[in-house]
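A.B. asks: Take a look at the following structure, please.
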Amino acid sequence: MANTDALRVPVVARPADDPSIALRLQRIWETRAGWIGALASVDHKSIGKRYLVTSFAFLILGGLEAAVMRLQLAQPNQALLTPEQYNQLFTMHGVTMIFLYALPVLSGFSNFLWPLLLGSRDMAFPRLNAFSYWVFLFSGIFLYASFPVGRAPDAGWFNYVPYSSLAYNPGINIDLYALGMVLLGVSTTVGSINFIVTLIRTRAPGMSINRVPILVWGTLTASVGNIFAVPAVSLAFFMLWMDRRFGMHFFDVTGGGQPLLWQHLFWMFGHPWVYAIVLPAMGIVSDGLPTFCRRPLVGYTAVALATVTTMVLGFGVWVHHMFATGLPPLSLSFFSAASFVIVIPSAVGVFAWLATIWTGRPQFTTPFLFFAGFVIVFVIGGVSGFMTAAVPVDVQLTDTYFVVAHLHYVLIGINVFPVVGGIHYWFPKFTGRLMNERLGKWTFWIMFIGFNVGFFPMHILGVLGMPRRVYTYSDGLGWSTLNLVITLGAYLFAFGVLLFLINVWRSLRQGERAGANPWNGPSLEWATASPPPPYNFAVIPTVGSRYPLWESQMTGQTGESTTAEGFLLDDGRETIGTSVLDAVPDVILRMPGDSLAPLLLSIALVVLFIGMLVQSWWLFGAALAASLLATIAWLWPEARLGQTMDIAHE
Amino acid sequence: MKPMTSSRVAAAAALCGAPLLADAEPAMSYLHTFGPAGDPATRLGWGLAIISIVVVVVITVLLLAAALRRRLPSADPRALAVHRDEGGMPWLYIGVGVSTVVLVGCAVWTMFTVAAVAMPTQTVLTLQVTAAQWWWSVRYESSEPDRIFTIANEIHIPVGRPVRIELASQDVIHSFWIPQLAGKMDVIPGQTNVTWLQADQPGTYRGQCGEYCGAQHAHMAMYVVADTPQDYAIWVRDQLRDAAAPASEAARLGEQAFTAHCAACHAVRGTDAGGILGPDLTHLMSRHTIAAGLLPNTPGNLAAWIADSQALKPGSRMPALALSGRDLSATLTYLQTLH
């Protein structure tokens with residue numbers, strides 16, 4: 001290869017004229033058959049599907065935990081569970097849903113969809129992408145290993161000190177939680193970096209920043225948020241582990257530490273995280289709804305900016321989780337006002353969706369039902385959040401079932417409904433087959449009714465004074481009937497989820513075959529085959545508008561998007577790098593091939609954490625050495641990638 | 001127990017469509033509060049709840065109308081045509097504009113309410129409340145040392161007077177919460193949080209720990225009894241007395257058994273029992289419940305609690321004592337003299 005390779009001008013081709021292009025690209029991009037090939041794969045579509053399947057497995061685990069708890073609470077004074085068992089279950093339910101389901105499932109969508117939406121061939125850092133998945137999987141297993149070792153974390157997902165300190169919680173369970181969270185933070189951080197760079201660098205030519213889909217805005221915002229938020233919680237958990245195992249006093253009152261420091265660090269992370277696990281899901285709705293309303297989203301710019309604004313404000317409201325901790329009224333007032341203000345960008349989204357439906361021509365498909373149902377649930381979760389923004393009201397509502405209602409309306413309403421709708425929507429792209437519509441509609445109605453029957457009464461239960469996190473309650477406080485209704489509703493909701501899983505299972509085998517664009521959708525992922533070939537697009541598309549596939553259908557629409565002709569880039573794995581704002585092509589990006597190094601590094605890393613957990617320093621040292629070796633193997637220069645050449649800087 | 005004439009309660013029953021509230025307002029419900037530390041917040045809460053319900057109803061109606069008004073059968077060729085991006089922006093301008101005005105209004109109302117529920121400068125009484133896993137110790141402060149006394153899990157206050165509450169924790173974080181009188185205040189080790197209560201009507205108000213604190217967080221209740229000034233004065237006088245010496249032989253044996261088995265943790269003023277790890281039992285029989293609100297204070301429950309506390313409240317710091325039958329009944333006899 002010559003030095004000029006780096007300066008080469010990419011060939012422009014028309015794949016329709018040359019059938020050999022597809023074959024050649026297939027050979028370059030396909031994952032080798034067999035399980036070694038699968039373990040080494042860096043294909044964003046495989047990784048995305050793995051994220052989706054794994055996070056749904058955790059959703060089911062968390063759901064089973066909830067199902068047992070709801071049996072315990074169905075009647076007063078039951079003894080199905082001991083207090084200790086109940087406390088482990090509610091803790092692991094929260095940990096599972098918030099950390100092992102809610103964000104990873106959205107990472108699954110984004111991993112699968114981003115390069116397709118952006119007209120690229122893979123994420124910016126494919127190996128980092130694989131690494132991010134493996135670390136997520138292993139940290140989930142690490143956290144769940146607490147059950148077989150005899151005791152799961154039992155101090156709540158919020159894990160307040162001093163209850164989680166060694167004095168009150170001497171078991172290994174809290175160490176598992178602390179170290180597991182630090183490990184998971186590695187996955188989240190590298191995943192976020194990957195999304196950010198992918199957005200900045202690998203959009204198709206012409207896809208300027210004001211043409212990217214809202215899902216991309218949502219995931220980008222969440223990723224930037226995570227970069228700032230995750231260090232706070234990783235630090236907090238690491239400090240807790242040091243307190244517990246090395247006699248530090250960060251949180252220990254007797255040594256001059258501060259229990260409230262934990263709460264500040266945790267919620268500085270925790271509140272932005274809440275937005276990180278809803279903004280991409282709101283993006284799914286903003287992108288899906290227009291397809292079924294047959295018109296572009298109303299107020300694209302406003303919705304995109306509201307997404308970003310929500311996250312920026314989201315860093316200024318963490319104290320509303322701490323209104324009852326005795327902080328001075330002035331700071332409470334500030335955070336209270338900020339919590340009211342953050343409702344405004346959410347209102348932008350709601351009215352944009354309403355206007356899109358109103359001015360469009362809605363088609364009542366299953367995804368539409370989920371997206372439209374989401375709007376109602378979103379509003380209920382929003383107004384209950386608005387009530388807790390008022391300090392004097394919140395000090396009554398906080399730590400009651402009202403907040404349990406609120407957070408489930410937010411997390412199930414704003415995450416699960418769009419996710420299930422999104423899976424119905426993109427299932428043909430994931431698998432090449434459509435999901436069954438009839439079963440899908442049954443799924444929606446059962447989930448929607450079950451959800452509201454199961455969670456709405458929790459608002460009333462909260463104002464009737466039932467505290468959260470109690471393993472049982474007395475009769476005669478007015479809580480018994482509502483709790484029974486809640487349990488029945490929760491089981492109906494679970495039945496809806498079961499129907500959904502059955503539909504997925506059946507559709508994988510018998511679903512109607514889908515063409516490239518079964519919904520007549522507007523964005524680039526619908527321009528390629530279902531499921532897409534390993535190289536995504538035979539040539540890099542050119543984008544001329546926000547809705548490239550609708551250009552020919554909308555009167556008066558200008559735009560010159562094309563997927564028929566573009567950069568070929570077939571000298572090994574390559575994609576085009578473009579400029580940040582206007583997406584002008586400026587570099588050929590050479591992409592790394594499949595490798596076992598990300599998996600090996602993840603294994604070394606999890607062994608390193610096991611070494612820390614059991615305080616076996618030789619194991620820690622060996623794992624550290626192994627992880628260095630895996631990193632060297634990962635980064636070993638490859639001629640294929642142009643990493644061994646001397647490039648003249650002229 | 002308390003008057004239920006409030007029109008708000010009726011409104012609540014109507015809104016929630018619930019026969020649940022029909023008979024009596026449940027003890028922990030703060031749909032209606034009974035003192036100035038809670039009332040302004042309750043009014044604000046109702047205001048925000050009504051705004052919330054209106055918003056949900058309006059949005060739901062608009063959504064249904066939007067979805068149904070131009071629906072076409074999917075067979076109709078017009079159904080799939082793509083429309084241009086026009087119209088719709090007034091929805092954002094009006095919707096977001098109205099939302100912003102309402103939100104700012106609510107924020108201002110909130111600030112006024114924060115000021116309204118702030119602690120008055122003058123209080124008549126200061127209580128030092130210490131939370132522990134899983135019970136409450138309450139010390140009545142006084143400038144005269146012989147008027148200081150300690151009780152557990154049941155607080156008496158004079159009706160209509162502001163009471164200052166200073167909160168300390170013996171172990172982990174708890175939260176002090178008497179919903180019908182005021183919102184929560186967390187009890188955090190290493191700092192003294194201060195809150196206040198005032199009951200405008202005589203009655204018994206239930207409270208419960210509001211922050212997850214471990215195995216028996218569910219059973220960490222307490223009661224606040226608001227007495228008329230006369231009743232309160234009598235109650236204080238009674239509490240200040242030391243325990244009466246046992247009058248009967250059985251009670252005297254019981255005192256011995258109590259001192260042998262229970263005094264390491266429990267105190268009874270006027271005797272050798274001076275433990276501080278568990279509730280002060282000097283006037284145990286004046287309380288309505290035992291084990292932090294878990295059970296009504298009856299001889300049967302008391303016996304069951306002493307015989308096997310772990311069965312009733314698993315994880316409780318009250319150990320299984322394995323008293324002989326004789327010691328158990330003697331102790332019980334003695335405890336019942338502690339009026």
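No lab work stands behind these numbers, since they all come straight from the coordinates. This structure is a prediction, so every number in the text was calculated from the model and none was measured. A quick note on method: Cβ atoms are made from the backbone with ideal geometry, for glycine too, and the neighbour counts reach across all protein chains shown.
A.B. asks: From a point 7 Å beyond the Cα of A:His249 in the direction of its Cβ, which residues of the stretch A:166-192 have a backbone N at a distance under 17 Å?
C.D. replies: Backbone N within reach: A:166-167.
A.B. asks: As an exercise, identify the chymotrypsin sites (Phe, Trp or Tyr not before Pro) in the stretch A:260-348 lying in DSSP coil whose Cβ has no more than 16 other Cβ atoms within 10 Å. Could you put the intermediate results ahead of the total?
C.D. replies: On the way: sites: A:Trp262, A:Phe266, A:Trp267, A:Phe269, A:Trp273, A:Tyr275, A:Phe292, A:Tyr300, A:Phe315, A:Trp318, A:Phe323, A:Phe334, A:Phe335, A:Phe340; in loops: A:Phe315, A:Phe323.
Answer in residue order: A:Phe315.
A.B. asks: Then there is this: Of A:Arg361, A:Arg509, how do they rank once you tally other Cβ atoms within 10 Å and put the fewest first? Provide the component values of the computation, followed by the final result.
C.D. replies: On the way: A:Arg361 20, A:Arg509 7.
The order, fewest Cβ neighbours first, is A:Arg509, A:Arg361.
A.B. asks: How high is the relative contact order of the stretch B:125-240, in percent, with contacts defined as C-alpha pairs under 8 Å that are six or more residues apart? Write down the numbers at each step before the final one.
C.D. replies: Details: 284 pairs, mean separation 32.6, N = 116.
Relative contact order, the stretch B:125-240: 28 percent.
A.B. asks: Give me the Debye-computed log₁₀ of I(q)/I(0) at q = 0.20, 0.27 Å⁻¹ for the stretch A:302-359, equal point scatterers on Cα only, no solvent, two decimals.
C.D. replies: The calculated log intensity ratios at q = 0.20, 0.27 Å⁻¹ are -0.73, -1.00.
A.B. asks: Label points 7 Å out from Cα along the Cβ direction at A:Arg151 and A:Val580: separation in nm?
C.D. replies: The answer from the label model is 5.0 nm.
A.B. asks: Let me ask something else. Evaluate 2.2 N^0.38 Å with N set to the residue count of chain A, then give the Cα radius of gyration divided by it.
C.D. replies: On the way: Rg = 25.1 Å, N = 650, 2.2 N^0.38 = 25.8 Å.
In units of the globular-protein estimate, chain A measures up at 0.97.
A.B. asks: Here's something else I'd like to know. Mind giving me the FRET efficiency for B:Ala116 and A:Thr301? R0 is 35 Å, r the Cβ-Cβ distance, nearest 0.05 is fine. Mind dumping the intermediate values first?
C.D. replies: Numbers: r = 41 Å, r/R0 = 1.18.
Once rounded, the FRET efficiency stands at 0.25.
A.B. asks: Further question on the same structure: Would you work out if the stretch A:294-514 is rounded, prolate or oblate? Take a ≥ b ≥ c from the square roots of the eigenvalues of the alpha-carbon gyration tensor; rounded if a/c is under 1.5, else prolate when a/b is larger than b/c, oblate otherwise.
C.D. replies: Values: a/c = 2.67, a/b = 1.35, b/c = 1.98.
Note, shape of the stretch A:294-514 comes out oblate.
A.B. asks: Using the beta-carbon distance between B:Arg70 and B:Gln336 and R0 = 51 Å, what value does 1/(1 + (r/R0)^6) give for FRET efficiency, to the nearest 0.05? Could you put the intermediate results ahead of the total?
C.D. replies: Values: r = 77 Å, r/R0 = 1.52.
Between B:Arg70 and B:Gln336 the formula returns 0.10.
A.B. asks: Turning to a different aspect of this structure: Want the number for A:Ser552 to A:Ser20: 0.36 nm per residue separation, take away the alpha-carbon distance, what's left? Please list the in-between numbers first.
C.D. replies: Numbers: separation 532, 0.36 × 532 = 191.52 nm, distance 2.85 nm.
Extending this stretch completely gives an extra 188.7 nm.
A.B. asks: Nearest 10 degrees is fine. How inclined is helix B:325-335 to the longest principal axis of chain B, computing both from alpha carbons?
C.D. replies: Roughly 80 degrees, rounded to the nearest 10.
A.B. asks: Also, quick follow-up: Test of understanding: ordering A:Cys293, B:Cys106 by Cβ neighbours within 10 Å, fewest first, what list do you get? Walk me through the numbers on the way to the answer.
C.D. replies: Values: A:Cys293 28, B:Cys106 22.
In increasing order of surrounding Cβ atoms, one gets B:Cys106, A:Cys293.
A.B. asks: Projected area of the stretch B:249-335, taken from the Cα convex hull and averaged over every viewing direction, in nm²? Mind showing how you got there, number by number?
C.D. replies: On the way: hull surface 20.7 nm².
That works out to 5.2 nm², a quarter of the Cα hull's surface.
A.B. asks: Picking from B:Ala260, B:Leu295, B:Trp305, whose Cα lies most toward the positive end of the charge dipole for the stretch B:249-335 (charges on Cβ: Lys, Arg +1; Asp, Glu -1)?
C.D. replies: With unit charges placed on the Cβ atoms, the residue in question is B:Leu295.
A.B. asks: Related question: Starting from the Kirkwood radius over alpha-carbon pairs of the stretch A:169-302, derive D by Stokes-Einstein at 20 °C in a medium of 1.002 mPa s and give it in µm² s⁻¹.
C.D. replies: Working: Rh = 17.2 Å.
In µm²/s, the coefficient rounds to 125.
A.B. asks: Neighbour counts of other C-beta atoms within 10 Å: give me A:Thr398, A:Thr388, B:Thr228 arranged from fewest to most.
C.D. replies: Working: A:Thr398 26, A:Thr388 22, B:Thr228 12.
In increasing order of surrounding Cβ atoms, one gets B:Thr228, A:Thr388, A:Thr398.
A.B. asks: Name the lysines eligible as straight-distance cross-link partners of B:Lys313: C-alpha to C-alpha under 29 Å, and not fewer than 8 places from it in the same chain.
C.D. replies: Of all the lysines, those that pass the test against B:Lys313 - Cα under 29 Å, at least 8 places apart if same chain - are B:Lys184.
A.B. asks: Counting helices only, and only those DSSP H runs with n ≥ 4, report the 222 nm mean residue ellipticity of chain A as the sum of -39,500 (n - 2.57) divided by its residues, in deg cm²/dmol to the nearest 500. Let's see the in-between values first.
C.D. replies: Working: 21 runs with 381 residues, N = 650.
Roughly -20000 deg cm²/dmol at 222 nm, from the helical runs in chain A.
A.B. asks: If you don't mind, another one. For the stretch A:292-338 and the stretch B:186-251, what is the separation of their Cα centres, given in Å?
C.D. replies: Here the answer is 40 Å between Cα centres.
A.B. asks: Between B:Arg84 and B:Thr126, what is the FRET efficiency for a Förster distance of 60 Å, r being their Cβ-Cβ separation, to the nearest 0.05? Write down the numbers at each step before the final one.
C.D. replies: Details: r = 71 Å, r/R0 = 1.18.
The calculated FRET efficiency here is 0.25.
A.B. asks: Find the centroid of the Cα atoms in the stretch A:573-650 and in the stretch B:283-339, then give the distance between the two in whole Å.
C.D. replies: 65
A.B. asks: Let me ask you something else. Return the Rg/Rh value of the stretch B:125-240, two decimal places, where both radii are evaluated on C-alpha atoms and Rh is the Kirkwood radius.
C.D. replies: On the way: Rg = 13.5 Å, Rh = 14.2 Å.
When Rh is taken as the Kirkwood radius, the ratio is 0.95.
A.B. asks: Mind giving me the nanometre distance, one decimal, between the label points for A:Ile141 and B:Ala322, set 7 Å out from Cα along Cα→Cβ?
C.D. replies: The modelled label-to-label distance comes out at 4.5 nm.
A.B. asks: What are the lysines whose alpha-carbon lies under 21 Å from the alpha-carbon of A:Lys429, with same-chain residues fewer than 8 places away excluded?
C.D. replies: Once the sequence-local lysines are set aside, what remains near A:Lys429 is A:Lys45, A:Lys49, A:Lys441.
A.B. asks: Across the Cα atoms of the stretch A:1-136, what radius of gyration and what greatest pairwise Cα-Cα distance (Dmax) are found, in Å?
C.D. replies: Every Cα atom of the stretch A:1-136 included, Rg and Dmax give 22.8, 79 Å.
A.B. asks: While we're looking at this one, here's another question. Need the C-alpha centroid separation for the stretch A:492-520 versus the stretch A:204-267, integer Å.
C.D. replies: Using only Cα atoms, the two centres lie 36 Å from each other.
A.B. asks: Taking the C-alpha atoms of the stretch B:39-116, how large are the radius of gyration and the largest Cα-Cα span, Dmax, in Å?
C.D. replies: In order Rg, Dmax, the Cα atoms of the stretch B:39-116 give 19.3, 62 Å.
A.B. asks: With the convex hull built on the Cα atoms of chain B, state its orientation-averaged projected area in nm².
C.D. replies: Details: hull surface 100.3 nm².
Average projection, Cα convex hull of chain B: 25.1 nm².
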